[in-house]
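Worksheet for the structure shown next.
The values are calculated or read from the model by the stated rules, or taken from the named source; none is laboratory data. Computed from a predicted structure; not experimentally measured. No Cβ is skipped: glycine too gets one built from the backbone with ideal geometry, and neighbour counts run over all protein chains shown. With ligands, DNA and RNA removed, areas are computed over all heavy atoms of the protein, side chains included. Shrake-Rupley method; radii C 1.70, N 1.55, O 1.52, S 1.80 Å.
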Amino acid sequence: MTPDLRIGLVGFGKIARDQHLPAIAATPGAKLVAVASPHSRAPGVANYPSLEAMLAGEPGLDAIAMCQPPQVRYQAARAALAAGKHVFLEKPPGATVSEVEALIVQAKGQGVTLFASWHSRHAAAVAPARAWLDGRALRKVTVTWKEDVRHWHPGQTWIWQAGGFGVFDPGINALSILTEILHEPVLLSRSDLETPSNRQAPIAASLSLRTTSGIPIEAVFDFRQTGPQSWDIAVEAEDGRMLLSDGGAKLAIDGAAQATSREGEYPAMYRHFAELVRSGRSDVDLAPLRLVADAFLCGRFRSVEPFED
Ligand code: NAP
């Protein structure tokens, strides 16, 4: 039987190996056919050094998953859409807001699906957290996203270059959850950014945000965390406390752990992508990327000690 969705993948790095390969294999009707990556090679599929070579060599591809660094994603997505392919964008969906907006227009014109994925939104406890917050009177929200960049991003030079997002590479995951679980828009009030003197992207950020009704949100992102790592969102409501921890995997209400599903983020995303393609729809929410852009626009920049990997 011919699969419904023959997928080509661009950028065979950590996330492609760890998550995309097993998730595509677990998606009914989806099949990984080819990979395009400048140096890395994937087992068991056709390999190409570039997207252009893959498009020429595999005319039967239905969709392309973009897993390369954000700085080079727009040109590739543009070429894939121009070739009539459905496109799955890893997060962040681009290096700028305007290029993703251009892709939305292009996908619509081509009549194909564009999916800007936010994997953290598919973490097991995010939907239950959103449900708990619905209709509740909230007092304040605290986001703590602190991880050791040497452990999680070894040798990823792109992350420190302009357009690589620095600490906002994980921080945007927190913002993607925040904008999913709160039931009103989130605005940026203040942003303090610390950038190593030998790098172009921040190593730490402290943000004040608020909802349109004025609920205060404080967020701290830090790449220098050693010891315990934190990916937590805490909410104080009039009638209780919610803690969403482990990047959205765990939920506690008033200190009591809540049962959540054990399904992984990426299988859920590929199921959603396949459904979008089947139903001829796109799904591109720019809210997390806009908040990062706002943090850079309003940022008070401070140069800090050099960072060496
Ligand atoms: P990575 O390990 O550095 O891999 C990036 C890959 O992109 C490399 O293997 C490289 O290929 C390829 N690449 C570089 N320039 C390219 C180009 N011009 N055309 C095609 N491929 C190119 O990075 P990663 O961690 O997988 O992250 C990639 C994206 O996924 C980022 O946007 C990141 O935010 C996102 N993401 C990462 C994680 C994570 O835990 N790592 C989680 C979720 C999302 P070669 O090896 O062939 O040189």
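Brief remarks on what is shown
- Residues of the range 288-299 that are open to solvent by 20 Å² or more (accessible area, probe 1.4 Å), part of a helix (DSSP H, G or I) and touching a strand residue (DSSP E or B) at 6+ places or on another chain (Cβ under 7 Å): 294 alone.
- Within the range 116-134, residues that are over 12 Å from residue 258 (Cβ atoms) sit with their Cβ atoms under 9 Å from residues that are aromatic (Phe, Trp, Tyr) and outside any loop (DSSP other than H, G, I, E, B), at 6+ positions apart or across chains, in these pairs: 116/88; 117/88; 117/266; 117/273; 119/266; 120/231; 122/266.
- Hey, residue 132 within 30 Å of residue 214 (Cα to Cα), at pLDDT 95 or above, within 14 Å of the ligand (Cβ to nearest atom) and not in a loop (DSSP other than H, G, I, E, B) or not: no
- Evaluation of residue 302 against (1) farther than 24 Å from residue 95 by Cα; (2) in a strand (DSSP E or B) (one fails), failing number: (1)
- Residue 120 in a helix (DSSP H, G or I), open to solvent by 10 Å² or more (accessible area, probe 1.4 Å), at pLDDT 95 or above and of a type outside the set (Phe, Trp, Tyr): no
- Residues within the range 252-309 that are of a type in the set (Val, Ile, Thr) and out of contact with any Pro (no Cβ under 8 Å at 6 or more places or on another chain), tallied: 2
- Options 131, 127, 102; residue that is surrounded by fewer than 22 Cβ atoms within 10 Å (Cβ to Cβ), under 25 Å from residue 185 (Cα atoms) and assigned by TED's automatic domain parsing to the domain that holds residue 75: 102
- Matching residues, the range 99-116, being outside any helix (DSSP H, G or I) and either touching a strand residue (DSSP E or B) at 6+ places or on another chain (Cβ under 6 Å) or of a type in the set (Val, Ile, Thr) (or both): 112, 113, 114, 115, 116
- For the range 145-176, a residue qualifies if it is more than 12 Å from residue 289 (Cα to Cα), of a type in the set (A, V, I, L, M) and more than 9 Å from the ligand (Cβ to nearest atom), and the qualifying residues are 149, 162, 167.
- Applying the criterion of being aliphatic (A, V, I, L, M) and open to solvent by less than 20 Å² (accessible area, probe 1.4 Å) to the residues of the range 254-286, the residue that is farthest from residue 210 (Cα to Cα) is 274.
- Residue 206 being over 27 Å from residue 158 (Cβ atoms) and either buried (at least 20 other Cβ atoms within 10 Å of the Cβ) or of a type in the set (Ser, Thr, Tyr) (or both): no
- Output for the range 96-121, where each listed residue is under 29 Å from residue 245 (Cα atoms) and either within 12 Å of the ligand (Cβ to nearest atom) or of a type outside the set (Ser, Thr, Tyr) (or both): 97, 115, 116, 117, 118, 119, 120, 121
- Filter result for residue 249 (out of contact with any helix residue (DSSP H, G or I) (no Cβ under 8 Å at 6 or more places or on another chain), in contact (Cβ under 8 Å) with a residue 24 or more places away in the chain and more than 22 Å from residue 148 (Cα to Cα)): no
- Residues that are part of a strand (DSSP E or B) and either among the aromatic types (Phe, Trp, Tyr) or not assigned by TED's automatic domain parsing to the domain that holds residue 204 (or both) within the range 135-153 comprise just one, 145.
- Any hit, the range 187-199, residues being within 11 Å of the ligand (Cβ to nearest atom), among the acidic types (Asp, Glu) and surrounded by 14 or more Cβ atoms within 10 Å (Cβ to Cβ): no
A quick yes/no check of all residues on (1) outside the structural domain of residue 175 (by TED's automatic domain parsing); (2) among the basic types (Lys, Arg):
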| position | (1), (2) |
| --- | --- |
| 250 | no, yes |
| 254 | no, no |
| 257 | no, no |
| 270 | yes, no |
| 277 | yes, no |
| 281 | yes, yes |
| 284 | yes, no |
| 298 | no, no |
| 309 | yes, no |
